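The values are calculated or read from the model by the stated rules, or taken from the named source; none is laboratory data. In this text, all values refer to a predicted model and were calculated from it rather than measured experimentally. Ideal geometry is used to build each Cβ from the backbone, glycine not excepted, and the neighbour counts take in all protein chains shown. All accessible areas refer to the heavy atoms of the entire protein, side chains included, with ligands and DNA or RNA removed. Shrake-Rupley method; radii C 1.70, N 1.55, O 1.52, S 1.80 Å.
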Amino acid sequence: MEAEQSEGRRVPAARAVVVGGSEGRRVPAARAVVVGGGVAGLSAALELRGRGVDVTVLEAADRWGGCVGVHEVAGLTLDSGAESFATRTDGVKSLLDELGLAGEVVTPHPSGAWVQLPSGAEELPKAGVLGIPSNPWDREVRSALGWWGSFRASLDRYLPARPPREQESVAAVVRARMGRRVLERLVAPVVGGVHSADPELLDIDMVAPGLRTLMVERGSLAGAVAAQRERGAARAGAKAGSAVAGVRGGMNRLVTALVSRLADDGATLVSGERAERLDRSGSGWRVGTVRSDGTVNAYDADCVVVALGGPAAVELLSDAVPELAGHEPVPGPEVKLVTLVLDKPELGTRPRGTGVLVAPQSPGIHAKALTHATAKWSWLADEAGPGTHVVRLSYGRAEDPGATPADQEPETDGELFRAALADASLLLTVPLAPEDVLGWDVVRWEDVLPFATVGHRERVAEIRRLVAAQPGLAVVGGWAAGNGLASVVPDARRQAGELADRLV
């Protein structure tokens, strides 16, 4: 890898590989630059390095992992971003196995999650996907919907399962198949909590890939949900929230292990250096970068993987692929996470299981979700000790054009702290006061959730088609693969593998 010297460090020269047996000739190994050091970029780099490609990873920030972050609150080391992964694919589990963390995978407490409705709190039904139930007559479903709501939802099995249209929102599919109550009382809280957006806006093929195809195969939406959970190897009869897993010590250990493995395997990891330009250089590519001190570098490579957020990725690629003009993805909302470490033994009863998802218009509550982390993860409860509880609340939804000034979310750290304390008191049914707080922190994430509006899948496909037309380029990340590590990791490795195959 050719680059100017930066802070006394020179990027190692490309290694050589032998082709044609012991008497063969030595040729330089293919060289790759990965722009972005989040989990998508690190996963892509691992795949490339495993196929013999020399890899340099460039990260603008001074830390690795993207939205899988870590912070310390009241002496506890906690995840500041993603704290679990969906088990609907084996991509994350396989990666953890490869990194030697197979024995560290843990499942959440089986107490399950709740949903806060305008009328009160209800247990979140088991065996659902995005809040869509696989059996409308389950006890929790009947409790949340009422008899009429469950009856309407059960008509789904008698409706014709027509081939899906090209573009449909989550809301359109659920409303047509199961009715308004399922949408408003189950799906809206889950989608809002997970994707920070209204289900009317989101493309169902991006947030629930494969569900519509299964609906045609199984003849109903409920049947499709059941099939998707079966394929995800969810435990029979498990409570909501059990279709996820975590890592003992936090998901941040995945990032530590990825960085360590890449360094051991000879990859070059450069942080604090922002990619500013991507241009053709002979038969390959040149990535121009700028460090925070103004130092300008240039990296030559045979291929480049862009692992940035959607708008930033398209901006970087725009000079190399001018046809991308007008294809910029819509940026997602800012997500704010407020972590509270509480001295409150009363929370030991798990009053709302592992957490609560909040339906829009629930009076007096600004948060869209609450995770009772010490109730969810036994390893964290052990670390925190008796009577100490970790609660995390999330704020930030896609802009609602009908919102009034009274609906506006808190913005400053102080406002968010006060709102989190009030919201947690209501959601957990245990009064909380400032003197109960041992420590707290606010973490803000920008453009980490793909804003997968209707038609987003087609836009991503067109962007990838235009990028792939340029030899040696690929894009990865949640905006292209779908929300969550279960989508991001296998997609990044697949894209990188295909790129390596074309190089070799």
- Note on the structure: Counting only DSSP beta bridges with both partners in the chain, the antiparallel fraction in percent, to the nearest 5, comes to 75 percent
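How many percent of the accessible area of segment 101-233 is carbon or sulfur, using a 1.4 Å probe? Please report the intermediate quantities before stating the final value.
On the way: 2900 of 5580 Å².
C and S fraction of accessible area: 52 percent.
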- GluC sites (Glu not before Pro) within segment 105-196: DSSP coil, no more than 14 neighbouring Cβ in 10 Å: Glu166
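What is segment 144-229 by shape, rounded, prolate or oblate, if you read a ≥ b ≥ c off the alpha carbon gyration tensor as root eigenvalues and call it rounded for a/c under 1.5, prolate for a/b larger than b/c, and oblate otherwise?
Numbers: a/c = 1.66, a/b = 1.02, b/c = 1.62.
Note, shape of segment 144-229 comes out oblate.
Where a ≥ b ≥ c are the square roots of the eigenvalues of the C-alpha gyration tensor, would you call segment 279-435 rounded, which needs a/c under 1.5, or, failing that, prolate if a/b is larger than b/c, or oblate? Intermediate values should be presented prior to the final figure.
On the way: a/c = 3.14, a/b = 2.03, b/c = 1.55.
Prolate.
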- Return the distance in nm (one decimal) between the two label points of a simple spin-label model at Tyr158 and Glu276, each offset 7 Å from Cα along Cα→Cβ. 6.7 nm
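Rounded, prolate or oblate: which one fits the chain, using the alpha carbon gyration tensor with axes a ≥ b ≥ c (rounded when a/c is under 1.5, else prolate when a/b beats b/c, else oblate)?
Because a/c hits 1.5 or more and a/b exceeds b/c, the chain counts as prolate.
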- Item | Order of exposure, largest accessible area first, which applies to Cys303, Cys67 with probe 1.4 Å | Cys67, Cys303
- Accessible area (Å², 1.4 Å probe, nearest 10) - Phe417: 30 Å²
- Asserting the computed 222 nm helical MRE of the chain (DSSP H runs at least 4 long, -39500 (n - 2.57) per run, divided by residue count, to nearest 500) equals -9500 deg cm²/dmol
- Task: For a quick protection proxy, order the peptides 426-434, 348-356, 44-52 by their average other-Cβ count within 10 Å, most packed first.
- Result: 44-52, 348-356, 426-434
- Task: Run down the lysines and flag those whose C-alpha is under 17 Å from the C-alpha of Lys344, throwing out any fewer than 8 positions away in its chain.
- Result: Lys376
